[in-house]
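Peer 1: Okay, here's the structure, questions in a sec.
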């Protein structure tokens, strides 16, 4: 499994050097593949190899999946009528912080980490301010809603569920290894941010949220 934060950068910190080849200009060029993971293991920062099914790899691998989902959200948000530059800028910030969190989780306790700043409480509080602003724009919920509406909102709901899964996997990792409490707080708030952002996306697209009808079924 190669992740954005825990893949290429982590391989460069690993004990195995990737094969090199000459470019047309004569300089050495690093290949994206290394063949070192063909046995089902991968290197953490610091060089220790672990199975790709380990809780740590599962956790930062899901963060990579989340970051990819956020990239889709940004594309869909950019296509909203009238634009939504504020939402796109918020997601850009979040993507950078998810990358940093992935690097943090790819580093075993006691190992020197790459020069990537950790996610701190200030970032959690910033997410809360964004959530409050979104809720002020769309108003309080009066019923449960289903994922969907506009394309942007649907993409944000997908990212929200990936974020929830990432949170569960980081909780599982924290049961057997030290994890900064800010990491769990950040992921918990992020899923709430993505939910509120989906509602904002629907509002700006002129599409209503989809209320949950419970056990009642619409007549065909």
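Peer 1: What number of residues within the stretch 165-184 are in a helix (DSSP H, G or I) and more than 22 Å from residue 75 (Cβ to Cβ)? Reasoning before the result, please.
Peer 2: In the first step, residues of the stretch 165-184 are kept if they are in a helix (DSSP H, G or I); the result is 165-174, 181-184.
Checking the rest, the ones that are also more than 22 Å from residue 75 (Cβ to Cβ) come to 167-174, 181-184.
Number satisfying all stated conditions: 12.
Peer 1: Pick out, from the stretch 1-100, the strands (runs of 3 or more DSSP E) lying fully within it that include 1 or more residues that are at pLDDT below 70 and in contact with a helix residue (DSSP H, G or I) (Cβ under 8 Å, 6 or more places away or on another chain). Talk me through it step by step, then tell me what you get.
Peer 2: Numbers: elements: 20-22, 28-30, 41-43, 49-51.
Here the list reads 41-43, 49-51.
The values are calculated or read from the model by the stated rules, or taken from the named source; none is laboratory data. The structure displayed is predicted, hence computed values, not measured ones. Note: ideal-geometry Cβ built from the backbone for every residue, glycine included; neighbour counts use all protein chains shown.
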